[in-house]
Structure formats: C-alpha cells, structure tokens
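Single-structure report; data block below.
The values are calculated or read from the model by the stated rules, or taken from the named source; none is laboratory data. Quantities reported herein were computed from a predicted structural model and do not represent experimental measurements. Positions of Cβ are backbone-derived with ideal geometry, glycine not excepted, and every protein chain shown enters the neighbour counts.
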Amino acid sequence: MTQTRVYVSKDSDMLMASKVIATSLSNQLPDLSMVRSNWTPEYAQALHTKIDTAMEDYLGLDKKKALRDATAALTEIQAPALQALQFLKTQIEVDFGEDANEIVKTLGYDKYLKAARAGDQEALIQLLFAFKKGMTNALKDDMVAKGTNPALIDNVIGYATQLSEANLAQESLKSTTKSVSETAVAALNEIYNEIIGICKIASAYYQHDEILKAQFTFSRVVANMNAGGKKIQEPEEPLE
C-alpha cells in the first residue's frame, strides 16, 4: 500500500516545525516532566536525534549546518525578548504617568504587542524594530534617570537583530526539493504523529499561558515560519 503523508505541510516545514517544538519541549521539561513521566532529558535528546536524522537522510540536509541552530535560536530568543518588552512597558507606565501612553505608542506597543503576545513571530520582530527606532537617546536617558536598568534597554534593542537574522536564516531550509521514498514518508509520518501528541498534551497543560501554548501549537509554529520568510524592514521613523 502506498504511503501517504498524514500532514499537509511541506516535508521541510514539518521537520523544522517539529524541531522548534522539540526545542520547546526540552526547554520546558521541568514543568512537563511532571505530567508525563517518560518526558525525560533522554527522551527529548532522542527526539532531536530522530528529527536531525530525518533531515539528513531523507531531505539531504546537513544537521551540522548553522541553519539547524537558527531554529533553536528562534525559540530561545522569542520568550525572553517578549518578557523584557513587557517588563519595560510596565516600568514606563509606572514612571511616566500621563506621558506613558504616548511613549508606549512611540515604541510600537499599541500596534504590535497584542499579536506578539499571541505568538505572532513577525509582530514580535516588528515590535522590536519599532522599539529600537523609537528609543532615542533622550528617552533612554529619561528612563534610566527614573530607575530603569540601561542594560535591559540595550538587550531589547539587540534582540531585534538577533531574531530577524535567525528568522531569515530558517527560510533557506525550505528550498530543498529532494524527493523522498515511501520509507521516508513513513518515518516522517511517525515524527509528525509523535510531535502532534506532544502538542496536544503540552498545549492543554499551558492553556492559560498564551506564549507557551503557542509554542506547542503546530499550525501556529508553521505559520510563524512562513511569515518569517518575508524580509521585515525596520521603520524609517519612530511611530507616531
């Protein structure tokens, strides 16, 4: 009987999304191992190896290339970047009183924060770029004078470049066109089914945490990857 794919994504997208989700699983093992006793560091490492092997054996991808690392970088950067942005917003609202709304708007929060919180990777990059552009020396000096740590501001500005570069590097994976055999399709289906099982359990566990739930929503991860293929331009001027 001919093997058919149980997923609708391209093979490369499915494997890359699986890699992102496997990385999220590794990062959240302290929580998730409490609800699944077989979700151990050894299991997570074996899952990474299975995905890497499929990339190399069936799609002709070298798991040692920097592209594989870019996938992990995306997952690792998104959460701390969003947390830092939200923490700075809170400090602005506390420190600047009636002027806070205008500052928050200038830094892009009004336009992009809601979507970024929902896991939209492109919105987060746009927010980081808007923050970087709107953070004038004068505004930074005012914030620091009121008690904000300048290192926190600098870190957020640095995230803009890091996340954008990782996002664009990931897109090169999708150029692979190597055909795969029925044996490969069976192996890819097995990976997909395993990842979907992880997503169902983890997203239910994190149902009240939008950021973490999005990291275990397969369709959201794939959508973010596809959005990531578009080059995102920095705003020419601070937002009005």
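Quick notes on this one:
- Checklist (1) modelled with pLDDT under 85; (2) within 20 Å of the chain's Cα centre (by Cα) applied to LEU29, failing item: (1)
- Qualifying residue in region 51-63 (condition: at pLDDT 90 or above and surrounded by 14 or more Cβ atoms within 10 Å (Cβ to Cβ)): yes
- Given (1) under 14 Å from THR148 (Cβ atoms); (2) surrounded by fewer than 16 Cβ atoms within 10 Å (Cβ to Cβ), index of the condition LEU85 fails: (2)
- Annotation: of all residues in region 5-26 being in a loop (DSSP other than H, G, I, E, B) and modelled with pLDDT of 90 or more, the one that is farthest from THR183 (Cα to Cα) is VAL8.
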